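Undergrad: If you scroll down you'll find the structure; I have some questions about it.
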Amino acid sequence: MGEQVKADLSKMNNKEIDESLFKNGKNEYSYTFPTSGTVITYKYLNHGDEVAVNKEIKGLQKLNASVNPLISTRIKRMIISVDGNEDKKEIREFVDNYLLARDSRSFRNHIRDTQPDVDLKVTVETKDGEEDVVIPIGIRFFWPDADL
(Lines give C-alpha, C1' and ligand atoms only; values in the text may rest on other atoms or scores of the structure.)
Protein backbone atom coordinates (compact mmCIF):
# COMPACT_ATOMS: atom_id res chain seq x y z
CA MET A 1 0.00 0.00 0.00
CA GLY A 2 1.14 3.53 -0.72
CA GLU A 3 3.61 2.29 -3.32
CA GLN A 4 3.63 4.32 -6.54
CA VAL A 5 3.67 2.51 -9.86
CA LYS A 6 3.37 3.70 -13.45
CA ALA A 7 0.75 2.47 -15.91
CA ASP A 8 0.77 3.25 -19.64
CA LEU A 9 -2.77 4.50 -20.31
CA SER A 10 -2.23 4.20 -24.07
CA LYS A 11 -2.19 0.42 -23.63
CA MET A 12 -5.57 0.25 -21.87
CA ASN A 13 -8.02 -2.18 -23.45
CA ASN A 14 -11.68 -1.63 -24.09
CA LYS A 15 -13.93 -3.30 -21.55
CA GLU A 16 -15.50 -6.52 -22.82
CA ILE A 17 -19.14 -5.88 -23.68
CA ASP A 18 -22.05 -8.00 -24.83
CA GLU A 19 -22.57 -6.76 -28.38
CA SER A 20 -25.96 -8.48 -28.57
CA LEU A 21 -27.27 -5.59 -26.44
CA PHE A 22 -26.62 -3.10 -29.24
CA LYS A 23 -29.31 -3.22 -31.91
CA ASN A 24 -29.67 -1.21 -35.10
CA GLY A 25 -27.24 1.45 -33.96
CA LYS A 26 -29.80 2.84 -31.48
CA ASN A 27 -28.99 4.04 -28.00
CA GLU A 28 -31.99 2.20 -26.58
CA TYR A 29 -31.99 -0.88 -24.35
CA SER A 30 -34.40 -2.89 -22.24
CA TYR A 31 -34.01 -3.87 -18.59
CA THR A 32 -36.31 -5.67 -16.17
CA PHE A 33 -35.92 -4.79 -12.51
CA PRO A 34 -35.33 -8.04 -10.59
CA THR A 35 -37.44 -7.23 -7.53
CA SER A 36 -40.45 -5.33 -8.90
CA GLY A 37 -40.46 -6.88 -12.37
CA THR A 38 -40.96 -3.43 -13.92
CA VAL A 39 -39.63 -3.24 -17.49
CA ILE A 40 -37.86 -0.08 -18.58
CA THR A 41 -36.32 1.14 -21.78
CA TYR A 42 -33.20 3.19 -21.14
CA LYS A 43 -30.33 4.92 -22.91
CA TYR A 44 -26.73 5.65 -22.06
CA LEU A 45 -26.19 9.33 -21.37
CA ASN A 46 -24.31 11.41 -23.93
CA HIS A 47 -22.48 14.69 -23.37
CA GLY A 48 -25.62 16.79 -23.79
CA ASP A 49 -27.44 14.61 -21.25
CA GLU A 50 -24.54 14.97 -18.79
CA VAL A 51 -24.64 18.77 -19.15
CA ALA A 52 -28.41 18.73 -18.48
CA VAL A 53 -27.95 16.44 -15.45
CA ASN A 54 -25.28 18.74 -13.98
CA LYS A 55 -27.45 21.82 -14.54
CA GLU A 56 -30.46 20.15 -12.91
CA ILE A 57 -28.37 19.02 -9.93
CA LYS A 58 -27.07 22.55 -9.36
CA GLY A 59 -30.64 23.82 -9.34
CA LEU A 60 -31.81 21.12 -6.96
CA GLN A 61 -28.90 21.75 -4.59
CA LYS A 62 -29.84 25.44 -4.42
CA LEU A 63 -33.20 24.31 -3.06
CA ASN A 64 -31.68 21.86 -0.57
CA ALA A 65 -27.89 21.81 -0.21
CA SER A 66 -27.94 18.83 2.14
CA VAL A 67 -29.34 16.45 -0.52
CA ASN A 68 -27.33 14.84 -3.31
CA PRO A 69 -29.75 14.01 -6.14
CA LEU A 70 -27.06 12.72 -8.53
CA ILE A 71 -28.18 9.08 -8.77
CA SER A 72 -31.90 9.71 -9.13
CA THR A 73 -31.36 12.58 -11.59
CA ARG A 74 -29.11 10.43 -13.78
CA ILE A 75 -31.60 7.54 -13.70
CA LYS A 76 -34.45 9.88 -14.64
CA ARG A 77 -32.46 11.01 -17.69
CA MET A 78 -31.51 7.44 -18.64
CA ILE A 79 -35.00 5.95 -18.55
CA ILE A 80 -36.97 6.39 -21.78
CA SER A 81 -40.06 4.42 -20.74
CA VAL A 82 -41.50 2.53 -17.77
CA ASP A 83 -43.66 -0.46 -18.75
CA GLY A 84 -44.05 1.19 -22.17
CA ASN A 85 -45.07 4.62 -20.82
CA GLU A 86 -42.79 7.33 -22.26
CA ASP A 87 -44.32 10.30 -20.39
CA LYS A 88 -41.44 12.15 -18.68
CA LYS A 89 -43.63 13.15 -15.73
CA GLU A 90 -44.56 9.49 -15.16
CA ILE A 91 -40.89 8.45 -15.40
CA ARG A 92 -39.93 11.03 -12.76
CA GLU A 93 -42.82 9.90 -10.58
CA PHE A 94 -41.67 6.29 -10.89
CA VAL A 95 -38.06 7.09 -9.97
CA ASP A 96 -39.03 9.36 -7.08
CA ASN A 97 -41.76 7.19 -5.55
CA TYR A 98 -41.73 3.62 -6.84
CA LEU A 99 -38.18 2.62 -7.76
CA LEU A 100 -36.99 0.27 -5.05
CA ALA A 101 -33.47 0.75 -3.68
CA ARG A 102 -32.66 -2.87 -4.51
CA ASP A 103 -33.79 -2.37 -8.13
CA SER A 104 -31.89 0.92 -8.39
CA ARG A 105 -28.68 -0.77 -7.22
CA SER A 106 -29.23 -3.65 -9.64
CA PHE A 107 -29.77 -1.22 -12.53
CA ARG A 108 -26.65 0.79 -11.68
CA ASN A 109 -24.62 -2.45 -11.58
CA HIS A 110 -26.11 -3.45 -14.94
CA ILE A 111 -25.06 -0.09 -16.42
CA ARG A 112 -21.56 -0.42 -14.97
CA ASP A 113 -21.22 -3.91 -16.45
CA THR A 114 -22.68 -3.21 -19.90
CA GLN A 115 -21.72 0.36 -20.77
CA PRO A 116 -18.86 0.67 -23.25
CA ASP A 117 -15.80 1.87 -21.41
CA VAL A 118 -12.10 1.36 -20.91
CA ASP A 119 -11.01 -1.58 -18.77
CA LEU A 120 -9.13 0.09 -15.92
CA LYS A 121 -7.68 -3.16 -14.58
CA VAL A 122 -3.95 -3.38 -15.10
CA THR A 123 -1.19 -5.65 -13.91
CA VAL A 124 1.63 -3.71 -12.30
CA GLU A 125 4.99 -4.78 -10.98
CA THR A 126 5.50 -4.10 -7.31
CA LYS A 127 8.37 -4.89 -4.97
CA ASP A 128 6.50 -8.12 -4.09
CA GLY A 129 5.89 -9.19 -7.72
CA GLU A 130 2.89 -8.54 -9.96
CA GLU A 131 -0.48 -7.32 -8.78
CA ASP A 132 -3.77 -6.63 -10.57
CA VAL A 133 -5.15 -3.21 -9.69
CA VAL A 134 -7.88 -0.90 -10.92
CA ILE A 135 -6.61 2.56 -11.86
CA PRO A 136 -8.49 5.04 -9.65
CA ILE A 137 -9.37 7.62 -12.28
CA GLY A 138 -11.27 10.53 -10.82
CA ILE A 139 -10.86 14.28 -10.76
CA ARG A 140 -7.74 14.00 -8.57
CA PHE A 141 -6.16 11.67 -11.12
CA PHE A 142 -6.00 14.54 -13.62
CA TRP A 143 -5.51 17.38 -11.14
CA PRO A 144 -3.85 15.85 -8.06
CA ASP A 145 -3.14 19.23 -6.49
CA ALA A 146 -6.67 20.56 -6.97
CA ASP A 147 -8.34 21.70 -3.78
CA LEU A 148 -11.72 20.08 -4.44
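The values are calculated or read from the model by the stated rules, or taken from the named source; none is laboratory data. Note that this is a predicted model, so its numbers are computed, not measured. Here the Cβ is made from the backbone with ideal geometry for all residues, glycine too, and neighbour counts use every protein chain on show.
Undergrad: Taking the conditions exactly as written (out of contact with any Cys (no Cβ under 7 Å at 6 or more places or on another chain), on the phi > 0 side of the Ramachandran plot, modelled with pLDDT of 95 or more and not aliphatic (A, V, I, L, M)), does Gly84 satisfy them or not?
TA: Yes.
Undergrad: Using the structure shown, decide if Thr114 is surrounded by 16 or more Cβ atoms within 10 Å (Cβ to Cβ), within 30 Å of Asp8 (Cβ to Cβ) and among the polar types (S, T, N, Q).
TA: yes
Undergrad: List every residue pair whose Cβ atoms lie under 7 Å apart, where the two residues are 6 or more positions apart in sequence or sit on different chains, the first residue falls within segment 79-106 and is in contact (Cβ under 8 Å) with a residue 12 or more places away in the chain, and the second residue, located anywhere, is charged (D, E, K, R) and not in a helix (DSSP H, G or I).
TA: Filtered contacts from segment 79-106: Ile80/Glu28; Ile80/Lys43; Ile80/Glu86.
Undergrad: Go through segment 53-68 and give me each residue that's over 14 Å from the mean Cα position of the chain (by Cα), within 15 Å of Arg92 (Cβ to Cβ) and surrounded by 14 or more Cβ atoms within 10 Å (Cβ to Cβ).
TA: Glu56, Ile57, Leu60, listed by residue number.
Undergrad: Being in contact with a strand residue (DSSP E or B) (Cβ under 7 Å, 6 or more places away or on another chain) and at pLDDT below 70 is the filter here, so list the residues in segment 1-14 that pass it.
TA: Passing the criteria: Glu3, Val5, Ala7.
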